[in-house]
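The numbers here are math on the coordinates, done by the rules we state, and not lab data. Since we're looking at a predicted model, the values are computed, not measured. Note that we place each Cβ from the backbone using ideal geometry, even for glycine, and neighbour counts take in every protein chain shown.
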Amino acid sequence: MLVTGRELLQDAHKNNYAVGAFNVNNMEIVQAIIEAAEEMNSPVILQASQGGLKYAGVEYIAALGKLAAEKAKVPVVLHLDHGTDFDQVMLCIRNGFSSVMIDGSRFDLEGNIEITKKVIEVAHAVGVSVEAELGKIGGTEDHITVDAKDATFTDPDEAKRFVDETNVDYLAIAVGTAHGVYKGEPKLDFDRIKTIKGMLNMPLVLHGSSGVPDEAIKKAVANGINKINIDTDLRIAFADGIKQFLKENPDNIDPRKILTPAKDGMKEAVKEKMVLFGSVGRA
Ligand SMILES: [Zn+2]
C-alpha cells in the first residue's frame, strides 16, 4: 500500500532502524525493489531523482510507483529526491507522490527556511510528507556537483532552528558522505549525527550512502539515521547483471532475457541493504 513518508519514518525513528530509499527509473527497477521488500517483509521508499524524472517523465514514474505500491504487500512511499523548486514539487504532489524533498541547500539559512515553509504549507494540507536538507552534501548527482571544498557539515543549532520554523517531517544532514562513487573511504561524523538526533528527536536522512562501509552505515543508524538513499550500488548491480549475461550470451537480442539478470542482481543488492539497515520484518 502507498503510505506517507512521515508514517513510515516515524516508526523507524521510534524503533531505531532505517528504511532504504532506492532510485527508480523503469519498470524492472521498480519490480526488483518491490520484490525485495516483499521477500524481506520490509517497508520501502521508491524515489525519483532529477535524472530519473528527465529519463522517464514524472507521469511514467508516478504511474509505475503508484501501481507497485497499490499491489505491494508492504508499505511503500513514492518520494521525490532533491526537488529543485516549488513548481516541480507541486507537479509531483499532483501526480500522487506521498513524499517530496525540497532541496534549498543552495540558499542561505533564511532562503532555505523560506522555500521549505512554502512547500510544507501546501504539502501538509494534502497529506504529503516533506524532506529538506541542511548543510551541503558533496559529490555529483545527476549533473549537480558540489565541490569537496563547498561541502559543509550541518550545524546542530541551525538544524534546531530550521526544524522549529519549518515543521519539516525529516531532515537530510551533511555529515561526511558524498553523492556518486568515492575515491577514498568516507569519514562520517557520528558524534554530529548523535548530537543532532538528540536535539531534534525526529527522523534523519543520509544521502550519498553507496560505497560507505557496512560498519559505518550500522553506526550511522545506531546514532539516529532513519532514511538511507542508495543509487550507485544498485546501478552497479544492474549493470553487472547485463554485462555478465551478454558476455555469456553475446548473440542474445531479447530485452527480457538481457534485463532479467540485471533485475535479479539489483533485487539481491536491495535485500542486502535492507538487512544492513535493520528494516527486515518491519512492514
Ligand atoms: Zn542526495
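Go through segment 154-171 and give me each residue that's within 18 Å of ILE137 (Cα to Cα), among the hydrophobic types (A, V, I, L, M, F, W, C) and more than 16 Å from the ligand (Cβ to nearest atom).
ALA159, PHE162
Where residues in segment 108-139 are charged (D, E, K, R) and assigned to a strand (DSSP E or B), which of them is surrounded by the fewest Cβ atoms within 10 Å (Cβ to Cβ)?
Applying the filter and picking the extreme gives LYS136.
Output yes when any residue across segment 90-97 is within 19 Å of LEU276 (Cα to Cα), touching a strand residue (DSSP E or B) at 6+ places or on another chain (Cβ under 9 Å) and crowded, with 24+ Cβ neighbours inside 10 Å, and no when none is.
Looking for residues that are within 19 Å of LEU276 (Cα to Cα), touching a strand residue (DSSP E or B) at 6+ places or on another chain (Cβ under 9 Å) and crowded, with 24+ Cβ neighbours inside 10 Å, one finds none in segment 90-97, hence no.
Go through segment 90-110 and give me each residue that's in contact with a Lys or Arg (Cβ under 9 Å, 6 or more places away or on another chain) and among the β-branched types (Val, Ile, Thr).
Hit for segment 90-110 is ILE102, nothing else.
Which of the residues spanning segment 64-107 are touching a residue at least 60 places away in the same chain (Cβ under 8 Å) and basic (Lys, Arg)?
Once the filter is applied, which keeps residues that are touching a residue at least 60 places away in the same chain (Cβ under 8 Å) and basic (Lys, Arg), segment 64-107 yields LYS66, LYS73.
Being more than 18 Å from GLU70 (Cα to Cα) and part of a loop (DSSP other than H, G, I, E, B) is the filter here, so list the residues in segment 1-24 that pass it.
Scanning segment 1-24 gives ASN16, TYR17, ALA18.
For the condition without any contact (Cβ under 8 Å) to a residue 40 or more places away in the chain, part of a helix (DSSP H, G or I) and within 30 Å of PRO261 (Cα to Cα), what is the one hit in ILE33, ILE61, ILE29? Write out each step before concluding.
Numbers: ILE33 fails: without any contact (Cβ under 8 Å) to a residue 40 or more places away in the chain; ILE29 fails: without any contact (Cβ under 8 Å) to a residue 40 or more places away in the chain.
From the options ILE33, ILE61, ILE29, the qualifying one is ILE61.
Inspect segment 137-145 for any residue being of a type in the set (A, V, I, L, M) and closer than 25 Å to ALA32 by Cβ and give the result as yes or no.
In the first step, residues of segment 137-145 are kept if they are of a type in the set (A, V, I, L, M); the result is 137, 144.
In the following step, the residues that additionally are closer than 25 Å to ALA32 by Cβ were identified as none.
There is no residue in segment 137-145 that is of a type in the set (A, V, I, L, M) and closer than 25 Å to ALA32 by Cβ.
Would you mind listing the helices (runs of 4 or more DSSP H) fully within segment 172-248 where at least 3 residues are closer than 27 Å to GLY83 by Cα and within 16 Å of the ligand (Cβ to nearest atom)?
So the answer is 232-248.
Which of the following residues is among the basic types (Lys, Arg), closer than 23 Å to VAL77 by Cα and in contact with a Pro (Cβ under 9 Å, 6 or more places away or on another chain): LYS263, LYS227?
Residue meeting the stated conditions: LYS227.
For segment 220-248, how many residues are farther than 24 Å from VAL130 by Cβ and touching a strand residue (DSSP E or B) at 6+ places or on another chain (Cβ under 9 Å)?
The number of residues fulfilling the criteria is 3.
Looking at segment 78-107 only, could you name the residues that are within 16 Å of the ligand (Cβ to nearest atom) and in contact with a Ser or Thr (Cβ under 8 Å, 6 or more places away or on another chain)?
HIS79, LEU80, ASP81, HIS82, SER99, VAL100, ILE102, ASP103, GLY104
Within segment 33-52, track down each residue that is surrounded by fewer than 24 Cβ atoms within 10 Å (Cβ to Cβ) and closer than 18 Å to ASP231 by Cβ.
Matches in segment 33-52: ALA36, SER49, GLN50, GLY51, GLY52.
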